[in-house]
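Please treat every number below as a calculation from the coordinates, not as lab data. Owing to the predicted nature of the structure, the values given are computational and were not obtained by experimental measurement. Counting neighbours? That spans all protein chains shown, and the Cβs are built from the backbone with ideal geometry, glycine included.
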């Protein structure tokens, strides 16, 4: 889970392992709640998660989808230490490794590599698939090419919300996709 950021020594990895905590999460369990300040980042060992908020009509809007071997957290709330605008929730029974903000600060004091880890983690958010420069078909095709596991894991209604389109639009697009 650290290898994508830098080469860490055995000692640094030992410090990291002492500061991270394994956590089992039930389906629909909340890791970070809308309206509360985020205090942790999570590495998904097993399972999947999604981030969402409710709009003025009380519809759930999906803002992000997370799979195994990814980091999941509410970036804006974690950095600003202001209440989160979205909830991070387990889509299925999952296993995560939790690194609290306090533990991350401890690690940064131990090694500059953890400062680099932190900077890369917060400065490199995943591309949003609903990029304004892509039409709906291009958005769906981008997911098929770069993250097909999303289609296999999450229901189409969630994928449609994530891509900022209606489920009917996604159904029409899928009908025209050739494999």
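Here each label is just a point 7 Å from Cα along the line to Cβ, and for residue 145 and residue 18 those points are 4.6 nm apart. By the beta-carbon count within 10 Å of each Cβ, the least crowded to most crowded order of 91, 114, 73, fewest first, is 91, 114, 73.
Checking the a/c ratio against 1.5 first, then a/b against b/c, what shape does the Cα gyration tensor give for the chain? Don't skip to the end; give the middle numbers.
Numbers: a/c = 2.09, a/b = 1.73, b/c = 1.21.
Here the chain falls in the prolate category.
Rounded to the nearest 500, the helix-only mean residue ellipticity at 222 nm of the chain stands at -11000 deg cm²/dmol, with each DSSP H run of n ≥ 4 adding -39,500 (n - 2.57).
A Förster distance of 22 Å, applied to the separation of the beta-carbon atoms of residue 157 and residue 133, puts the FRET efficiency at 0.35. Can you tell me the length gained on complete extension of the stretch residue 27 to residue 59, counting 0.36 nm per residue apart and subtracting the Cα distance? So the chain would gain 9.5 nm between residue 27 and residue 59.
Normalising the average separation of contacting C-alpha pairs (under 8 angstrom, six or more residues apart) by the number of residues puts the relative contact order of the chain at 25 percent.
Return the FRET efficiency for the residue pair residue 168, residue 80: r is the Cβ-Cβ distance, R0 is 35 Å, and the value is rounded to the nearest 0.05.
Calculated value: 0.45.
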